[in-house]
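K.L.:
Have a look at the structure that comes next, please.
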Amino acid sequence: MKKRIIRYLKNVLGTILVVLLVGTISLISLNGSFDYGTNPLNIHLEREGPYVFYETDSTYTINYIRGNKTDGFYLDKTVHHVDDKVPATCYFPLDASSFDFNIVSQFEIPKATYSDNQPIIAISDIESGYKTFRDFLIANKVIDTNLNWVFGKGHLVLIGDFMDRGFSTTQVLWFIYKLEQDAKSQGGYVHFIVGNHELYNLQGKFKSASYKYNGVASILGKQQHNLYDKNSFIGKWMTSKNTLELINGHLFAHGGIHPDFANYEITIDEVNQINRANYRKAFFPKPEETVAQLITSSRKGVSWYRGYFEDDLSQEDVERGIEKFYAKDIIVGHTLQWSVNKLYQGKVYAIDVKHPKDYSKNWPNKSSEGLLITQEKHFRLKVNGQQIEL
């Protein structure tokens, strides 16, 4: 009887070990990770903000959340004229740090084409990871440890999906806003390219957003979609951004360029104009494909396309789409890679990697990467500042 029990336990243990081994192999092969050890500061709301909303055509309010779950929450709210330049602070609870910037309600639609031979650093799919984003920029000398811009006249390109799946969306968005101001004062550029998760939030789709922001909206006396609607300062700012840009001959898009783009007479500016006109409209397939439907398609559109990784494309197919916009190559995010990757004989650079999370640990450990383009050479950028030529 005792031998039978021991044999049974061995079989059960063996089965568990096999299941764990298969699960681990599957997780690693899919470039996945397991999150654990979540820090409770992820939903700390004291000093959360600012949340800025237009009240009239000439006024807006700046709101910071105060208090706690035990004693209750309230708003620190001030009213300002749209012509005011208002100092603001954004607090990050994980390390009790903050950064300062000015809220200026006038902002312009950025250019879509640049030619100046300055270096380019690109990173994508930060997914609400403020600390990860900040530390990568420090390590690669875009900013210093005091968060001052030190990249000169260089281009920092953020290729979409800086929102969702994390607890630092507000910090990330205001940090990008601050970096824009700082870069401009030094003659540099920050390019915030709209990805599909920015579109989700602009269109009121929150399936990937942290539950934290439902609570934030409630404290503000609003619904979650109001955080980025037409009366939201940060929402209005996001709708000014492009989905496609050409910088020193290199094309940048969150998803990519479907070969069908070659069938239409369309410019980069027109792509951005059509997308911008549809940022707040939910996308859905229609029976006949027009150029507008191609641009905004959730399958073929520039913010959604995954064909470089999932379709059976020839080298000619890939080059047709890129050459349509007179580009040397295209840099994309959206589709997860093991590391920054060169594809199709150097015509496609895929830079979406699994970044570490702010408030939890990961197994296997993940490490951020980005792309540096300088003097017509492409380099993988590691989180420790190491550069590896591709």
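K.L.:
Pick from 242, 214, 263: which residue has the top mean-square fluctuation in a GNM of the chain where Cα pairs under 10 Å get a spring?
P.N.:
Top of the fluctuation ranking is 263.
K.L.:
Also: Charges on Cβ only, +1 for Lys and Arg, -1 for Asp and Glu, centred on the Cα centroid of the stretch 111-389; of 143, 336, 221, which one is farthest towards the dipole's positive end?
P.N.:
Positive-end residue among those listed: 221.
K.L.:
Could I ask something else about it? With the contact rule set at Cα under 8 Å and sequence spacing of 6 or more, what percent relative contact order holds for the stretch 39-156?
P.N.:
Computed value for the stretch 39-156: 16 percent relative contact order.
K.L.:
What is the stretch 127-184's relative contact order, in percent, from Cα pairs under 8 angstrom and six or more apart in sequence?
P.N.:
Computed over the stretch 127-184, the figure is 46 percent.
K.L.:
Cut-off is 10 Å between beta-carbons; in what order do 377, 153, 324 appear when sorted fewest neighbours first?
P.N.:
Ordered from fewest to most neighbouring Cβ atoms within 10 Å, 377, 153, 324 come out as 377, 153, 324.
K.L.:
Follow-up question, since we're still on this one. Before rounding to the nearest 500, sum -39500 (n - 2.57) across all DSSP H runs of length at least 4 in the chain and divide by the residue total; then give [θ] at 222 nm in deg cm²/dmol.
P.N.:
Mean residue ellipticity at 222 nm (helix-derived): -8000 deg cm²/dmol.
K.L.:
P(r) for the stretch 48-108, please, calculated from all Cα pair distances in 10 Å bins and given in %.
P.N.:
For the stretch 48-108, the binned pair fractions read 20, 47, 26, 7, 0 percent.
K.L.:
Need one number: % antiparallel among DSSP beta bridges in the stretch 234-353, to the nearest 5.
P.N.:
Around 45 percent antiparallel, to the nearest 5.
K.L.:
Of the peptides 101-110, 352-361, how do they stack up when ordered by the mean number of other Cβ atoms within 10 Å, highest first?
P.N.:
Packing order, densest peptide first, comes out as 352-361, 101-110.
K.L.:
Averaging over every viewing direction, what projected area does the convex hull of the Cα atoms of the stretch 71-166 cover, in nm²?
P.N.:
So the mean shadow area of the Cα hull is 8.9 nm².
K.L.:
Between the stretch 52-125 and the stretch 333-390, how many Å separate their Cα centres?
P.N.:
28 Å
K.L.:
Between residue 76 and residue 315, what is the FRET efficiency for a Förster distance of 56 Å, r being their Cβ-Cβ separation, to the nearest 0.05?
P.N.:
0.45
K.L.:
In the chain, what % of DSSP beta bridges are antiparallel (nearest 5)?
P.N.:
DSSP beta bridges in the chain are roughly 70 percent antiparallel.
K.L.:
Suppose we look only past 24 Å in the calculated P(r) of the stretch 111-389. What percent of the Cα-Cα pairs does that tail hold?
P.N.:
Every Cα pair in the stretch 111-389 considered, those over 24 Å come to 47 percent.
K.L.:
Provide 137, 199 in ascending order of the number of other Cβ atoms located within 10 Å of each residue's Cβ, fewest first.
P.N.:
By the 10 Å Cβ count, ascending, the order reads 137, 199.
K.L.:
Right, next: Quote the relative contact order of the chain in percent (integer), defining contacts as alpha-carbon pairs under 8 Å separated by 6+ residues.
P.N.:
Reported relative contact order: 18 percent.
K.L.:
Which residue fluctuates most in the GNM of the chain (Cα springs below 10 Å): 128, 58, 368?
P.N.:
Taking springs between Cα atoms under 10 Å, the residue moving most is 58.
K.L.:
Then there's this: What ranking do 134, 66 get, fewest neighbouring Cβ atoms within 10 angstrom at the top?
P.N.:
66, 134
K.L.:
Determine which residues of the stretch 155-171 fall in the zone a paramagnetic label at residue 360 would reach in this model, i.e. backbone nitrogen under 20 Å from the point 7 Å along Cα→Cβ.
P.N.:
What the label zone holds, given the 20 Å backbone N cut-off, is 161-171.
K.L.:
Further, regarding this structure: Around residue 247, what is the net charge, scoring Lys/Arg as +1 and Asp/Glu as -1 over all other residues with Cβ under 12 Å from its Cβ?
P.N.:
-1
Every number here is computed from the coordinates shown, using simple stated rules; none is lab data. All values reported here derive from a predicted model rather than from experimental measurement. Neighbour counts are summed over all protein chains in view; Cβ atoms, including those assigned to glycine, are modelled from backbone coordinates with ideal geometry.
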